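Below is one structure; the comments refer to it alone.
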Amino acid sequence: MIRRSRGPLLHLGRRDFRTYESKWRIGSLPGRRISGCRKRGSDVQKSLIPVIESRTLHAALSCPHLISWIWSGRVAIDEAEFEALRREVQYLSDRQQILDCVNLYNRGLDRLDADLIRAAYHPDGIDHHGPFLGTVDEFVPFAIEVEATFAATHHGISTHHCEIDGDVAHAESYVHFFVQMKGKPVIGAGGGRYIDRLERRDGKWAIAVRRLAMDWTFEVPSSEWLGPDWAKFSGRRDRQDIVYQRPLQQPDKSM
């Protein structure tokens with residue numbers, strides 16, 4: 001429970017906090033009307049004490065003013081509930097960082113960007129990719145060489161499962177890829193799974209060991225069914241691709 005030290009009490013539900021955060025005021029709340037409180041959040045806090053039950057703790061902490069009350073010591077919070085919330089937030093942060101790492105690798109492949117690929121691994125990372133088995137320093141040029149044999153590539157992640165135990169995580173990421181063959185109207189496609197052991201070192205999650213399980217491949221004919229006008233909008237496989245542009249600019253209408 002969160003309780004401020006003085007003033008009248010007000011029980012707020014999840015919906016109430018969403019109203020407070022989105023409108024920056026509390027005027028009329030479900031089942032309760034607070035007179036004289038149609039002001040911005042900084043004024044409202046002078047006349048209200050939030051009393052927040054555990055079921056609304058997540059919603060409460062999404063409210064910026066309540067967070068500032070907690071850190072300034074003006075609000076007391078049940079330590080057990082706060083620690084449980086801290087662990088949950090840390091877990092969600094870890095999961096997102098791990099997924100970002102997996103996606104970073106795929107982006108590096110499609111842009112032939114050695115730096116992006118390398119950033120997904122720890123310096124002593126190991127990769128077992130089909131016939132290849134070696135260190136990240138050996139793997140990066142191997143991956144660039146293989147991907148460069150195609151005119152274009154697309155790698156994507158679908159199902160992603162992750163188990164975290166402290167600073168070590170084990171993940172399974174389903175990967176699907178499509179490659180445009182050079183010199184012939186054929187698309188190669190395949191699917192597999194990245195089986196990873198990731199480690200958090202100095203606050204950064206990266207791959208320590210990766211193994212690829214290849215599940216299927218096939219080929220299909222390709223054609224420019226959208227027409228030739230779309231060809232000039234193709235992406236690039238270097239740092240001239242528009243994804244690197246900062247800030248992103250609107251193209252000239254004459255293009």
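The values are calculated or read from the model by the stated rules, or taken from the named source; none is laboratory data. Everything numeric here is computed off the predicted structure, so don't read it as measured data. Heads up, the Cβs are rebuilt from the backbone with ideal geometry, glycines too, and the neighbour counts pull from every protein chain shown.
Given the conditions (1) of a type outside the set (A, V, I, L, M); (2) over 21 Å from GLN180 (Cβ atoms); (3) touching a Lys or Arg at 6+ places or on another chain (Cβ under 9 Å), and given that ASP110 satisfies all but one, which numbered condition is not satisfied?
(2)
Is it fair to say PHE218 is farther than 21 Å from ILE126 by Cβ and surrounded by 13 or more Cβ atoms within 10 Å (Cβ to Cβ)? Explain how you work it out, then say what you get.
Details: farther than 21 Å from ILE126 by Cβ: yes; surrounded by 13 or more Cβ atoms within 10 Å (Cβ to Cβ): no.
Considered against the rule, which asks whether it is farther than 21 Å from ILE126 by Cβ and surrounded by 13 or more Cβ atoms within 10 Å (Cβ to Cβ), PHE218 comes out as no.
When you scan segment 234-252, do you find a residue that is assigned to a loop (DSSP other than H, G, I, E, B), at negative phi, in contact with a Pro (Cβ under 8 Å, 6 or more places away or on another chain) and in the same structural domain as THR159 (by TED's automatic domain parsing), even just one?
No, there is no match, as no residue in segment 234-252 is assigned to a loop (DSSP other than H, G, I, E, B), at negative phi, in contact with a Pro (Cβ under 8 Å, 6 or more places away or on another chain) and in the same structural domain as THR159 (by TED's automatic domain parsing).
Restricting attention to segment 201-233, which residues are among the acidic types (Asp, Glu) and assigned to a loop (DSSP other than H, G, I, E, B)?
ASP202, GLU224
Starting from segment 159-183, keep only residues that are of a type in the set (Phe, Trp, Tyr), then list their pairs with residues that are assigned to a strand (DSSP E or B) and surrounded by fewer than 14 Cβ atoms within 10 Å (Cβ to Cβ) whose Cβ atoms are within a distance under 6 Å, requiring at least 6 positions of separation or different chains.
Going by the 6 Å Cβ cut-off, the qualifying pairs are TYR174/SER158; TYR174/THR159.
Could you tell me which numbered condition GLU163 fails, if it satisfies all but one of (1) surrounded by fewer than 14 Cβ atoms within 10 Å (Cβ to Cβ); (2) at pLDDT 95 or above; (3) within 28 Å of SER234 (Cα to Cα)?
(3)
Please enumerate the residues belonging to segment 120-141 that are surrounded by 15 or more Cβ atoms within 10 Å (Cβ to Cβ) and either of a type in the set (Gly, Ala, Ser) or out of contact with any Lys or Arg (no Cβ under 7 Å at 6 or more places or on another chain) (or both).
Residues satisfying the conditions are ALA120, TYR121, GLY125, ILE126, HIS129, PHE139.
Being among the basic types (Lys, Arg) and either under 28 Å from the mean Cα position of the chain (by Cα) or not assigned by TED's automatic domain parsing to the domain that holds ARG237 (or both) is the filter here; which residues of segment 171-226 pass it?
ARG193, ARG197, ARG200, ARG201, LYS204, ARG210, ARG211
Has segment 184-200 got at least one residue that is modelled with pLDDT of 95 or more, of a type in the set (Gly, Ala, Ser), more than 23 Å from ASP113 (Cα to Cα) and in a strand (DSSP E or B)?
no
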